[in-house]
1. Filter region 187-200 down to residues that are assigned to a helix (DSSP H, G or I) and closer than 15 Å to Pro213 by Cα and give me whichever is most open to solvent (accessible area, probe 1.4 Å).
2. Quick one: Ile73 ticks every box in (1) buried (at least 18 other Cβ atoms within 10 Å of the Cβ); (2) part of a loop (DSSP other than H, G, I, E, B) except a single one, so which number is it?
3. Within region 250-264, can you find the residues that are more than 14 Å from Val119 (Cβ to Cβ) and surrounded by fewer than 18 Cβ atoms within 10 Å (Cβ to Cβ)?
4. When you look at Ile80, is it under 27 Å from Phe152 (Cβ atoms), part of a loop (DSSP other than H, G, I, E, B) and either in contact (Cβ under 8 Å) with a residue 24 or more places away in the chain or in contact with a Pro (Cβ under 6 Å, 6 or more places away or on another chain) (or both), yes or no?
5. For region 43-69, name all the residues that are among the acidic types (Asp, Glu) and open to solvent by less than 10 Å² (accessible area, probe 1.4 Å).
6. Among (1) hydrophobic (A, V, I, L, M, F, W, C); (2) assigned to a strand (DSSP E or B); (3) loosely packed, with under 12 Cβ neighbours inside 10 Å, where does Met282 come up short?
7. Go through Gly6, Gly82 for me and flag whichever is surrounded by fewer than 17 Cβ atoms within 10 Å (Cβ to Cβ) and either modelled with pLDDT of 95 or more or more than 20 Å from Lys260 (Cβ to Cβ) (or both).
Amino acid sequence: MLAYPGTMAKARGSNWTDAEVGAVVASYFGMLRLELAGKSFNKAEENRKLQAIIGRTKGSIEFKHQNISAVMIEAKGIPIDGYKPMSNVQDRLRTAVLEEFQSDPDLRRLMLRSVEDAVPPISGPADLLVQTDAPVLDLAGLRAPHTRTGRFVDFQQVEAQRRDLGLAGELAVVAHEQRTLRSLGRTTLAERVEHVSATRGDGLGYDVRSFEPSGREKFIEVKTTRSIKQLPFLVSRNEVEFSAEVPDRFHLYRVFQFNKPQMGFYSLVGSLRSTTTLDPVMYQGRPA
């Protein structure tokens, strides 16, 4: 399936060589191409192949694959599902990943197609979102957001701006909130859950009006991705300001791996200035 360099001697405990880095990058991008094309592959088998070829341990290879996921997020790409991004990325590895990503138009076409594909109806009951803990991101070692690196497409932004994906995530959250309230015997409150971005339009700073079992209002902003839970999300200035106005009632629901078996969401409660790291990515300009 993949092309690797020739067999190398064991090198545990030493710095990774260019050949070893090349092998692990080739392995990761080979799996990524298959995933983007909707084809199956076996991560454990790929790891075993690399162990035999480069003499590194299962854990060290796994960590390098996680490093590559972190670099893919840094490069505004879509990483492989299942490899939690980890920082402390070796410069040699970062360079190899970025060079491979930027020099592979076929991979970028597959990635663009994956984020531009229409969002099909949700597989299974739309009200069975599973809540998980928010990720603890180990991305401190990534380059600062303003570092100038060449890229062709911001795939994360393309996906984040898909209205059909956003709508599908919001509908799933509405169903989840209604189901939760009904399960607690709060049927009247469940019937009052409102999909405000559809009934009142965008611009209010939240998408769904729901309730705590006590009857207290919840204002929910929904951010949806078909990728992993660690992927960053876009928030507007309006959403940030609204969250600061009602911090005790503002909830950001991050729906991840939408319409996949691992689909779930996590919740950030409070002002986005406190619950997230906000990086400016765009400004509106006018003559001074």
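The values are calculated or read from the model by the stated rules, or taken from the named source; none is laboratory data. These figures come from a predicted structure and were not determined experimentally. Cβ sites come from the backbone with ideal geometry, for glycine too, and all protein chains shown count toward neighbours. Surface areas here come from the heavy atoms of the whole protein model, side chains and all, with no ligands, DNA or RNA. Shrake-Rupley method; radii C 1.70, N 1.55, O 1.52, S 1.80 Å.
1. Step one: list which residues in region 187-200 are assigned to a helix (DSSP H, G or I), which gives 187-192, 196-199.
After this cut, where a residue has to be closer than 15 Å to Pro213 by Cα as well, the list is 187-192.
Working: Thr187: 66, Thr188: 97, Leu189: 12, Ala190: 0, Glu191: 131, Arg192: 114 Å².
Ranking the qualifying residues of region 187-200, first place goes to Glu191.
2. Condition (2) is where Ile73 drops out.
3. Pro261, Gln262, Gly264
4. Numbers: under 27 Å from Phe152 (Cβ atoms): yes; part of a loop (DSSP other than H, G, I, E, B): yes; either in contact (Cβ under 8 Å) with a residue 24 or more places away in the chain or in contact with a Pro (Cβ under 6 Å, 6 or more places away or on another chain) (or both): yes.
Answer is yes for this residue.
5. Of the residues in region 43-69, the ones among the acidic types (Asp, Glu) are 45-46, 62.
Hit for region 43-69 is Glu46, nothing else.
6. Failed condition: (2).
7. Numbers: Gly82 fails: either modelled with pLDDT of 95 or more or more than 20 Å from Lys260 (Cβ to Cβ) (or both).
The unique qualifying residue is Gly6.
Quick grid of which residues meet (1) open to solvent by 40 Å² or more (accessible area, probe 1.4 Å); (2) over 20 Å from the mean Cα position of the chain (by Cα); (3) modelled with pLDDT of 90 or more:
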| site | (1), (2), (3) |
| --- | --- |
| Asp138 | yes, no, no |
| Leu165 | no, no, yes |
| Gly169 | no, no, yes |
| Gly185 | yes, yes, yes |
